[in-house]
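First up is the structure itself, then whatever we jot down about it.
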Amino acid sequence: MKRQVVLIISLVAGLIAAILTRAYLTVKENEIKAEKARLVKKYGTIDVLAFARDVPSGAVLAKSDLGVKTVPAIGMRGQALTKDDLDIVIGRKTTVGHKALEVVFWSDIEGGNPREKGLSADVKRQMRAMSINVSGAASVSGMVKPNDHVDVIGTFNFPDDDGKIKRGDPVTCTILQNVLVLATGKDTSKTLSRELGMVGGSNYSTVTLEVTPREAEMLAFAEQIKGRLILTLRNRTDTSSEKELPQIDYLKIRQEMEELNLKRQQKIGGR
């Protein structure tokens, strides 16, 4: 009898929890609908292109990949593709992967908006374009191109406890991973595709990256303390991120170079 009472209480508690959860979700859904209605009333709507299915980075878009979606117009005009842009975008590549029903923005398409000449049109919302100084070797012998993805590595002389820079003790660390390259020198994906068929020259001394405001501050500080920044080139389809990368100094190299070479040989042998 006691077990039956406990079971009944558990079922009632579960039912109450389910009812409360559903009520909470209903309230949130109504709030979202109300906010959407407010935006529609204030800004109107616009028919934009949206992905009809999941699309990976670097995919060549076909007509079947895209559909039309009606959304509030705020933040969309000039940024999102409309149904009038369908013929222009077919055959172009995506710069990042997307889920079904996500809106298609010009910043998601390799080469950007052919009607726009400025770089600002290629910068995603809430992101920033920032240029860093690089030499030929620091930019993978000048082979980094717009729309490539890179990691940013910095070498610095960090100050001691008294705030003095110790010139003889440089430290190297990875600052940012999987960063989109917007431009190399003055070349963007639009200028290269329009003028050079995506085959650009390697004679440039700056690379413009798409970063968040906080990442921009980090890079600006790194250059101001006269750190040396270099880029490592990634496969465009590789979105992985290494966790807990250590800071590297001379002692670290001596301690780990044998282990690193062993792991490298094991990885090569396992291909």
Leu25 is checked against (1) loosely packed, with under 12 Cβ neighbours inside 10 Å; (2) at pLDDT 90 or above and fails just one. What number does that condition carry? (2)
Between Arg228, Arg264, Arg271, Arg234, which is modelled with pLDDT under 85 and surrounded by 11 or more Cβ atoms within 10 Å (Cβ to Cβ)? Arg228
When residues of the range 202-239 are filtered for being touching a His at 6+ places or on another chain (Cβ under 9 Å) and part of a strand (DSSP E or B), how many remain? 2
Restricting to the range 93-104, name every residue that is farther than 21 Å from Ile46 by Cβ and among the charged types (D, E, K, R). Lys93
Considering residues that are in a helix (DSSP H, G or I), small (Gly, Ala, Ser) and surrounded by 13 or more Cβ atoms within 10 Å (Cβ to Cβ), the number found within the range 116-145 is 3
Among the residues of the range 146-178 satisfying the criterion of being out of contact with any Leu (no Cβ under 9 Å at 6 or more places or on another chain) and not in a strand (DSSP E or B), which is modelled with the lowest pLDDT? Gly163
For the range 215-233, how many residues meet the condition of being basic (Lys, Arg) and either within 16 Å of Thr174 (Cβ to Cβ) or not assigned by TED's automatic domain parsing to the domain that holds Gly142 (or both)? 1
Would you pick out the residues in the range 114-146 that are free of Cβ contacts under 8 Å to residues at least 60 places away in the same chain and not aliphatic (A, V, I, L, M)? Arg115, Gly118, Ser120, Arg125, Lys145, Pro146
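The values are calculated or read from the model by the stated rules, or taken from the named source; none is laboratory data. Note that the structure is a prediction, hence the values are computed from the model and not measured. Neighbour counts run over all protein chains shown; Cβ positions are idealised from the backbone, glycine included.
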